[in-house]
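Working notes, beginning with the structure itself.
Laboratory data are not the source of any read-out in this text; all were calculated from the coordinates shown. All values derive from a computational prediction rather than experimental measurement. Ideal geometry is used to build each Cβ from the backbone, glycine not excepted, and the neighbour counts take in all protein chains shown.
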């Protein structure tokens with residue numbers, strides 16, 4: 001009985017394997033128009049409508065499972081895209097910073113060329129801290145006495161005068177901005193040459209006043225105010241000549257000529273300072289002039 | 001398994017429905033880019049429940065159906081599924097496993113065998129498919145998916161073939177307790 005069962009089992013297996021191999025060999029060997037292919041196509045014709053019906057009937061289930069799959073894929077995709085977005089954001093931020101620095105450096109080079117600041121041995125510095133107080137308009141830069149920076153040296157950027165060095169340590173310095181209460185600079189109207197003093201307007205953050213102008217009516221709105229670089233036998237100006245300070249925004253009439261209030265907006269955007277340069281030899285032109293016979 | 005027209009009818013229905021379900025729905029639902037494959041699981045389940053002859057025959061027929069429906073080379077799937085059905089049946093006949101997780105192991109083994117068998121036959125037939133990491137990855141994912149599906153497929157197959165299967169001793173015991181019979185312990 002057992003032998004019979006074993007024989008039957010083995011026979012069935014051998015038969016099925018043989019049948020499979022015969023089918024395989026015959027199918028593989030014949031052309032596309034052969035008998036087995038024709039039978040397969042016929043069977044396909046029979047099965048196709050059933051499959052199509054089943055396909056339609058099962059579509060909702062398929063869609064449901066697909067939805068789960070898509071959700072999982074979407075989660076992965078979202079994670080990937082988020083990572084990519086973060087990387088791109090970092091890249092954009094880096095490029096923007098580099099672009100801004102590039103523009104600032106170009107501005108510095110431009111002002112060096114146009115105002116002849118190279119002779120004053122400019123030292124480029126980066127602003128890394130700003131006074132949080134509204135009373136003191138100061139910033140800290142990353143260059144100090146070891147770089148040749150000294151107290152009272154003028155500080156400029158690509159747009160114009162920023163301020164002057166207030167105090168110096170070995171590797172850092174504090175710059176007093178134009179808008180600080182204690183700041184004052186001898187200046188002149190670029191067009192008319194009227195001299196005066198530029199100082200911050202009290203109580204108006206970011207506003208400067210062009211004071212002590214003898215012929216104030218010679219100064220008009222949109223006139224450029226520049227440093228005068230005053231020279232005398234006893235006292236020299238801290239600032240070289242012809243560095244832009246700002247532009248006249250309005251002229252207020254007072255009772256007398258000296259009461260006229262000339263408001264000046266700083267040429268440099270003092271709220272956005274990144275790269276500046278300290279003119280470490282501000283009196284270079286004076287010295288050169290004195291050396292000449 | 002008790003052979004009868006009804007049993008054969010159920011096996012045919014199981015094969016047809018399983019095959020159509022696989023071709024029209026399961027194969028179109030992908031997880032991690034790979035679909036599950038119920039066919040080897042069905043064949044392995046039939047073999048594990050009904051024995052090697054039934055398993056091999058069912059495997060051959062289901063393989064033939066799949067090859068025909070997909071216009072594939074006739075005989076390839078039949079050959080592989082015949083071996084799977086026979087192997088699963090021999091596990092039943094030689095070991096008579098009682099552990100509940102045996103269908104999972106057999107299902108996983110059947111999927112591995114199917115994947116390797118198909119690949120080997122395709123190479124032997126001269127189909128130029130590079131053995132890439134992608135292929136290995138998809139085979140591995142199919143094995144994992146099928147392993148997860150093995151138990152439900154086995155349970156479903158068992159439910160379909162239950163009237164024609166020999167009485168399971170555990171089931172017989174359970175029935176005896178619920179119908180007021182004495183447990184072997186109380187008899188002792």
Just to verify a number: FRET efficiency for residue A:90 and residue A:4, C-beta to C-beta distance, R0 = 60 Å, to 0.05? 0.15
How high is the FRET efficiency between residue A:72 and residue A:182 when r is their beta carbon distance and R₀ equals 56 Å, given to the nearest 0.05? 0.30
Would you mind giving the mean number of other chain beta-carbons within 10 Å of the Cβ of each residue in B:72-83, as a whole number? 6
Take peptide A:40-50, look around each residue's Cβ out to 10 angstrom, count Cβ atoms belonging to other protein chains, and average those counts. 3
How far, in degrees from 0 to 90, does helix A:35-57 lean away from the longest principal axis of the Cα atoms of chain A, to the nearest 10? 60 degrees
Could you list A:84, A:255 so that the one with the fewest beta carbons within 10 Å of its beta carbon is first and the one with the most is last? A:255, A:84
Folded to 0 to 90 degrees: helix A:59-114 orientation relative to chain A principal axis, Cα: 20 degrees
Whole angstrom only: what separates the Cα centroid of the range A:141-202 from the Cα centroid of the range A:42-81? 73 Å
What is the distance, in nm, between label points placed 7 Å from the Cα along the Cα-to-Cβ direction at residue A:81 and at residue A:43? 4.5 nm
Fewest first, what order do B:27, A:31, A:228, A:199 take by the number of other Cβ atoms within 10 Å? A:31, B:27, A:199, A:228
If you take the C-alpha gyration tensor of the range A:11-170, multiply each eigenvalue by 5 and take the square root, what semi-axes do you get, largest first, in whole Å? 84, 21, 16
Average silhouette area of chain A, convex hull of alpha-carbon atoms, in square nanometres: 38.9 nm²
Relative exposure of B:99, A:263, A:220, A:37, judged by other C-beta atoms within 10 Å (fewest first): B:99, A:220, A:37, A:263
Tell me the angle of helix A:2-29 to the major Cα principal axis of chain A, expressed in degrees between 0 and 90 and rounded to the nearest ten. 60 degrees
For the range B:1-31 and the range B:67-90, write down the distance between their C-alpha centroids in whole Å. 14 Å
If you split all Cα-Cα distances of the range B:26-153 into 5 Å bins from zero, what percentages do you get per bin, shortest first? 2, 12, 20, 23, 21, 13, 6, 2, 0
Using a basic spin-label model with each label point 7 Å from the Cα along Cα→Cβ, how many nm lie between residue A:201 and residue B:12? 10.1 nm
Simple label model, 7 Å out from Cα along Cβ direction - residue B:3 to residue A:261, nm: 11.5 nm
